[in-house]
Each structure stands twice: as structure tokens, then as C-alpha cells.
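S.K.: Submitted below is the structure of interest, expressed as C-alpha cells.
The values are calculated or read from the model by the stated rules, or taken from the named source; none is laboratory data. This is a predicted model, so every value here is computed, not measured. Virtual Cβ from ideal backbone geometry, glycine too; neighbours counted across all protein chains shown. Areas reflect the complete protein model, heavy atoms only, side chains present, ligands, DNA and RNA absent. Shrake-Rupley method; radii C 1.70, N 1.55, O 1.52, S 1.80 Å.
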Amino acid sequence: MADETVSYEADDHGREAMNIAGFATWGYPHPDRLDATNRASRDLRPARGVIQSGLKKCIDLTGASAGLLLLFPLFVALAVAIKLTSRGPVFFRQWRYGLNGKKFAVLKFRTMHANQCDSSGISQTVANDPRVTLIGAFLRKSNFDELPQLINVLRGEMSLVGPRPHVPGMLAAGMPYEDFHPRYMDRHKVLPGITGLAQVNGFRGETKNPHAARMRLAYDLAYIERQSVILDVKILATTVAREFFNGNGY
């Protein structure tokens, strides 16, 4: 999605601790110290053993399969609504960074008029963007446009939980994220996710502000460093609660 970026509250600027999915708070380097050269801050360890990797894969396959089955009626309804309200395909495909920086085609429900879709993702959406269709505005607000990524999970291109996949050259504070911070590509050491630690803590939306952009990166790197099945379950539970019960997005 073109606006795969960050929003934040002004009173978050000085936080030295990060909240893990609303369940626990633990210390982590402030984003302004992401450039630290100490070994601990540089040495990300996503590999947690064969058992945990197997459990995560099992959760991904089971969760994606169950999600597609349970949400099939919703998929059909949304597909019909998209076709009835604008010309063009139901799905939108866009190249994103995947594991180890390898690019893959992420799937989304199309939210823009077909002739105005931005496959590059560089042109970010803005409030009341005229390119967004009527049903597309609802899909973006509800995040239902992301649901087809369950198919990407079944393909092994994504995980249910992980750093959100970005388009190459995505802007952060007016420059490509790749140039914005030297540790940016470290976030691709694990599979990207449909939801993640940054998203459940409110860091989504625009990345025009340097602090906001660094905070998302800090959360992504924190997730890779602290990754566990328990953390994944907490993030998933928080996402489901906010999406389907509170209706305010993750």
C-alpha cells in the first residue's frame, strides 16, 4: 500500500521503553541511539531454534488457512463490491521487500481506480485522496485491503507476524528508507508480516517525520531481536481484538 508508513503521538517522543503488544513493557534503546555501534545493538538473532521455527510455521499455515476459510464470504462480498464500484481487477499486486531483501508480489484488494494505481508505492496516499475509490476508502480504514496477504503467507512469502513489507524506495522523512538509516535492511532478516510489533503499538500511517520513521524501524528491529511464539500470539490477539471487536484498526 502506498501509505505503508507511520503515525505517532507527540507525547511518545521521549519514550525509552517499548510496549510489547500492550502486554508488557521492557527497555530497549531509544530510536535516537539506533546508530550505536555496540555489538548488542547490531547483532540481531532471529533464529530461535528448530522447534520455535517449526511452531511459527505451523501457526502461519494454520492461521492463514483458517482465516481464508472463515473469511471466504467476506472475500466474495468485497470482491463483488470492488467490481460494482469501479472498473479493473479485484486484486492489486505490488513488489515489496521480503526475506533477505528478495522482492515478491504482495496481494491486496484494489482500493484505487485501476488507471491511477501506483505500483511503485512511492507516491503515498493523502487524506481524501481522489485516487481512492468509495469501497477503497472503507477497505483502507478497516485494513481489510490487507486480507489477501493470507495467500502470501500460504505461499511462504510472508508470515502472520513480522515487520510490514515495504516497497523499494519507500520514503521516510522525504528520502528513500534505504538511505534514511544504515540499519534499514536489517529488518528484512525475517519474513515480513501481515501485522507486527510496530503496528500494534500505533506506528503506522505517514513517515514524513524523522522521529516517527526511526520509531517504526526501532520496533521492527526490537521484534527481530525478541521474536518468540508467545510474542507472535500476543501481537495476533491484539490485532484481531482491534480489527474485529473494537473496529479501530491496528
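S.K.: Does region 178-212 hold any residues that are in a loop (DSSP other than H, G, I, E, B), of a type in the set (A, V, I, L, M) and open to solvent by 30 Å² or more (accessible area, probe 1.4 Å), and which are they?
M.R.: Within region 178-212, just L191 meets the criteria.
S.K.: Follow-up question, since we're still on this one. Being part of a strand (DSSP E or B) and crowded, with 24+ Cβ neighbours inside 10 Å is the filter here; which residues of region 158-177 pass it?
M.R.: The answer is S159, L160, V161, A172.
S.K.: For residues that are assigned to a loop (DSSP other than H, G, I, E, B) and crowded, with 16+ Cβ neighbours inside 10 Å, scanning just region 120-140, find the one that is modelled with the highest pLDDT.
M.R.: So, considering only residues that are assigned to a loop (DSSP other than H, G, I, E, B) and crowded, with 16+ Cβ neighbours inside 10 Å, the one modelled with the highest pLDDT is T133.
S.K.: Enumerate the pairs (first residue in region 77-92 and touching a residue at least 12 places away in the same chain (Cβ under 8 Å); second residue anywhere and of a type in the set (D, E, K, R) and assigned to a helix (DSSP H, G or I)) with beta-carbon separation below 7 Å, excluding pairs fewer than 6 apart on the same chain, so at least 6 apart or on different chains.
M.R.: Hits for this filter: V90/K83.
S.K.: Inspect all residues belonging to region 92-103 and state whether any of them is out of contact with any Ser or Thr (no Cβ under 8 Å at 6 or more places or on another chain), open to solvent by less than 50 Å² (accessible area, probe 1.4 Å), on the phi < 0 side of the Ramachandran plot and modelled with pLDDT under 90.
M.R.: No, because not a single residue in region 92-103 is out of contact with any Ser or Thr (no Cβ under 8 Å at 6 or more places or on another chain), open to solvent by less than 50 Å² (accessible area, probe 1.4 Å), on the phi < 0 side of the Ramachandran plot and modelled with pLDDT under 90.
S.K.: Consider only pairs whose beta carbons are under 7 Å apart and that are at least six residues apart or on different chains; among these, list those whose first residue lies in region 236-250 and is open to solvent by 60 Å² or more (accessible area, probe 1.4 Å) and of a type in the set (S, T, N, Q) and whose second residue is part of a helix (DSSP H, G or I) and at pLDDT below 85.
M.R.: N248/R242
S.K.: When you check L221 against the structure, is it more than 20 Å from E243 (Cα to Cα), under 15 Å from the mean Cα position of the chain (by Cα) and in a helix (DSSP H, G or I), yes or no?
M.R.: yes
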